[in-house]
Each structure stands twice: as C-alpha cells, then as structure tokens.
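Each remark here refers to the structure printed beneath this line.
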Amino acid sequence: MRAVNRGKQPSLAQLRAFAAVAEHLHFRDAAAAIGMSQPALSGAVSALEEALGVQLLERTTRKVLLSPAGERLAVRAKAVLDEVEALMEEADAVKAPFTGALRLGVIPTVAPYLLPTVLALVHEKYPDLDLQVHEEQTSSLLEGLAAGRLDLLLLAVPLGVPGVTELPLFDEDFVLVTPLDHWLGGREGIPREALRELNLLLLDEGHCLRDQALDICREAGRGDLPVTTTAAGLSTLVQLVAGGLGVTLLPRTAVRVETSRSSQLLTGYFADPAPTRRVALAMRTGAARAAEYEELAGALREALRPLPVRVL
C-alpha cells in the first residue's frame, strides 16, 4: 500500500470550531457556543480545510451550508471530540483516589475469613471503588500481579519475590484442631514438640498454608511428614478431623467459621511463642496507585483490630 502524504494534521481547536459551525450553521452562534471570536472561528475552519485539503463549508452572504465532504467529516469530527472528552474524564477519574476498578487477588485460606471485613470497609469508606475479587493460590496470584491481570494481593508473606512490595497487615497464631477424644483437645500451653507425634492432616500441594504447616513441624524437630490424606480446602480438612482421621493446624481467623460446623471438635492453643503466620497486601513495586494501596492497608489494619490477630 502506498503511503499517503497528509501534510499538517488538524488541531483540536480547528475540529471544535468546525463541529460548532456544523451544529449551528451560523458563525456568530457557533463562536458564542465555544467562546471564540468570529474571526478566530472562521480562521480555524479555513485552516482545517487547508490541512485536510477539502472544502467543508459553502459560504454565502446569508447562511452557511455544509458541503458534501463537510457533512461526512462533521460526523468524524464529533466522534473525535467525544473521544477526547472521554479521555479527559477518564484521566480525571484516574487522578481521583479510590475510583475505578481494583482487581484484588486473595488466597483461599484468607478469603472466607477476611473478605467480610474488606468488603465492608470498601463499601463504607470507598463507595466509588469497583472492587473485583479473584480467589487463587499464591503462585497464580503472583503471576497475575506480574502480568498486570491483578492490581493488589491479600496473602501470607514473606514472598521473597523481586519487584513485589509487601504491606504487612497482621500476625496471627496457629491453633491445633482435634477430635473431641484427643488428648490435646482444648488444652492450653501445648508445646510445639507435641507436633512430632501427631497425625497431622494437610492441604493439597500448592497451598501456602500446607508449606507453613510443614515448616512449623520442621521447627518442632519433626522430619519427613508422611501424608496419607489431604484436602483442597480448610472446610474439608476440619471435617476430616471431626471424623477422627487426625488433627490439623488452623490460623486463628479461620477458627470460628470452620469449627462452628461441627460439635465434634476441640481447639488447643500452643505455648508462647506460638507458631504464627503474617498476612499482608502485596503490590508491584513502583505501582502507579501505590499511595492508594498504602492508605488502604492502613484503613484495613484498623478494620481488622476486632479479629483475633496482632495488627502491625
């Protein structure tokens, strides 16, 4: 295809002048509508005709008419101006904090227990924010953050991932969930060493909570952990415990929700220092909305204080 030499491109001022004339078909009325002098308006339209190389108007002593080319190009000019206006409105919206879409990724072992607080906070404090929630495992969330599919993550840390900035929210203890007849059921001050001999039930591969549980066992001096039964979610894991298949570790924020479904469970508490996990927001380092995310983290810390956590 041959390249077309189009010469000088029209300016937005020229397009506005022409669009006003096309709408009013009167130079004086068009000039008044857009706040230009009549000579300036006429000059802008003439300059546009020169830039485009076509006659847009038929001028007579009594009235102004659109030429056939003018009728066609008036539609295009209006579309261009509408798009420019939309661009400016979108820019204003972007500059306004806590507006537009926020794509939040959450891990499954956090989502059911913290989302009620997150959603209530956003509804009350940031009503113009379009919060979109995606529940996925950590590896998928980090891929989505790096690719720009997600804006912000709510998950367990540390991540140790370059290019990701963590905004810590709180620490929470793990507790031991057992069947009713277990010898550690309901006890306090459980030593970590007790984990060496327990039939510990774990989540499937890929869940960070599984890795954290294995780390806790290693810290307690337990070597390889034979895994005979796993579950895809904490709800199933707790029901397996209720059925007598073993014991499990739960973060404190999950205890009320998960243990309320069965009367066959007891909760035991570890001696200080109890095994813990840290939960944080995570964003791309240097994110354009970093100040918003930091403010959101601060507001979320305050909103989370009623939960059984240690806010950071």
Quick one: which strands (runs of 3 or more DSSP E) sit completely within region 1-108 and have at least 1 residues that are small (Gly, Ala, Ser) and either in contact with a helix residue (DSSP H, G or I) (Cβ under 9 Å, 6 or more places away or on another chain) or buried (at least 18 other Cβ atoms within 10 Å of the Cβ) (or both)?
-> 100-106
If you check LEU209 against the conditions, is it buried (at least 21 other Cβ atoms within 10 Å of the Cβ), in a helix (DSSP H, G or I) and touching a residue at least 40 places away in the same chain (Cβ under 8 Å)?
-> yes
Residue check: is LEU52 closer than 30 Å to ALA288 by Cβ and of a type outside the set (Phe, Trp, Tyr)?
-> no
Is at least one residue of region 88-95 in contact (Cβ under 8 Å) with a residue 60 or more places away in the chain and of a type outside the set (A, V, I, L, M)?
-> no
Does region 298-306 contain at least one residue that is within 27 Å of GLY189 (Cα to Cα) and touching a residue at least 60 places away in the same chain (Cβ under 8 Å)?
-> yes
Report those strands (runs of 3 or more DSSP E) wholly inside region 118-201 carrying at least 1 residues which are closer than 30 Å to ARG305 by Cβ, open to solvent by less than 50 Å² (accessible area, probe 1.4 Å) and among the charged types (D, E, K, R).
-> 164-179
Tell me, please, whether a residue that is charged (D, E, K, R), open to solvent by less than 70 Å² (accessible area, probe 1.4 Å) and under 19 Å from LEU155 (Cα atoms) can be found in region 218-227.
-> no
Has region 275-283 got at least one residue that is on the phi > 0 side of the Ramachandran plot and open to solvent by 20 Å² or more (accessible area, probe 1.4 Å)?
-> no
Starting from residues that are of a type in the set (Ser, Thr, Tyr) and modelled with pLDDT of 90 or more, keep the ones in region 86-140 and report whichever is farthest from ALA254 (Cα to Cα).
-> TYR126
In region 99-131, what count of residues is obtained for those that are in contact (Cβ under 8 Å) with a residue 60 or more places away in the chain and of a type in the set (Lys, Arg)?
-> 1
Can you tell me how many residues in region 246-262 are over 12 Å from VAL175 (Cβ atoms) and modelled with pLDDT under 90?
-> 4
Yes or no: LEU266 open to solvent by 20 Å² or more (accessible area, probe 1.4 Å), farther than 17 Å from PRO108 by Cβ and in contact with a strand residue (DSSP E or B) (Cβ under 8 Å, 6 or more places away or on another chain)?
-> yes
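The values are calculated or read from the model by the stated rules, or taken from the named source; none is laboratory data. Just so we're clear, the structure is a prediction, and the values are computed from it rather than from any experiment. All Cβ positions, even for glycine, are placed from backbone atoms using ideal geometry, and neighbour counts span all protein chains on display. When the accessible area is computed, the model is the full protein with side chains, heavy atoms only, and any ligands, DNA or RNA have been set aside. Shrake-Rupley method; radii C 1.70, N 1.55, O 1.52, S 1.80 Å.
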